[in-house]
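The values are calculated or read from the model by the stated rules, or taken from the named source; none is laboratory data. These figures come from a predicted structure and were not determined experimentally. Here Cβ is always computed from backbone atoms with ideal geometry, including for glycine, and neighbour counts include all displayed protein chains.
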């Protein structure tokens, strides 16, 4: 019995254990890994996927799924950069974020009112938005013309890059909503049992649409910060973003069918994948190999949840 207690502790803290192992590996394989400049780079890189991962956690807990976040990220960056010379940077930022809200509303409407499977619905909007981004730019990137915008993401605030500070703020607010508010309890209820939530008077469609709007808005915000960091709007960025973000959320323990999960776990998943990506960059691992590794990790996470945790629960019962 004591043996199984230890196994449960290890499984419960598995992501944290992996994170420690990844950090130690990075310190061992690269002298640049533990430098202050690389630490700052990791903060900025984590913010791009981490901000979206917060919204994705809400969507998956509510029983949904969103594949369109990478395309929204790309189009938001293009909007923010492309409108600088005509409407100005503030207008470009506002319109980029509004675009994210609109895509979220479309996703929510397709899922709740039309009844399309979330995977199919967001796959469709992903393709549509990506096509729009490629079409309006003729597949070419757009360079920014506003020097202040180019420094926005890396602007230090209390010693932390603004992008990292925004990620922290989004994470804290999201954690509070999920753990300490009626909204959070209802989101868990909707994901856990849709019919029972409806019978208890919860406005299930409003909560489901709200999670899609939140996720697309955060994807647009992340796209703006990424465009600021590279001072470029590109129609091809974010292709791997859905895979990376969903991997982080599932790695953090959020149940893919909804009803359970936490932003603390998502943070751990984001840290593991972010640090791992940073190490692979320092080692010069090709992008396609990085994609293969992230895909394999996602498959392993799903297999682990399906077989080992279920077996452990049965053994404990």
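Results for (1) closer than 29 Å to residue 189 by Cα; (2) out of contact with any strand residue (DSSP E or B) (no Cβ under 9 Å at 6 or more places or on another chain); (3) in contact (Cβ under 8 Å) with a residue 60 or more places away in the chain, shown as yes or no for each residue.
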position	(1), (2), (3)
71	no, yes, yes
77	no, no, yes
88	no, yes, no
104	yes, yes, yes
112	yes, yes, yes
121	yes, yes, no
125	yes, yes, no
### Message
Contact list please: Cβ distance under 8 Å, first residue in segment 29-48 and under 18 Å from residue 170 (Cα atoms), second residue modelled with pLDDT of 80 or more and assigned to a loop (DSSP other than H, G, I, E, B), pairs at least six apart or on different chains.
### Response
44/153; 44/154; 47/153
### Number of positions in segment 258-292 that are in a loop (DSSP other than H, G, I, E, B), farther than 17 Å from residue 45 by Cα and out of contact with any helix residue (DSSP H, G or I) (no Cβ under 8 Å at 6 or more places or on another chain)
1
### Query
Among the listed residues 270, 245, 249, which satisfies the condition of being farther than 19 Å from residue 64 by Cβ, crowded, with 20+ Cβ neighbours inside 10 Å, under 15 Å from the mean Cα position of the chain (by Cα) and at pLDDT 90 or above?
270
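Of 173, 202, 183, which residue is in a loop (DSSP other than H, G, I, E, B), modelled with pLDDT of 90 or more, in contact with a helix residue (DSSP H, G or I) (Cβ under 9 Å, 6 or more places away or on another chain) and over 18 Å from residue 96 (Cβ atoms)?
Values: 173 fails: in a loop (DSSP other than H, G, I, E, B); 183 fails: in a loop (DSSP other than H, G, I, E, B).
From the options 173, 202, 183, the qualifying one is 202.
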### Task
Just one of (1) more than 16 Å from residue 52 (Cα to Cα); (2) modelled with pLDDT of 90 or more trips up residue 215, so point out which.
(1)
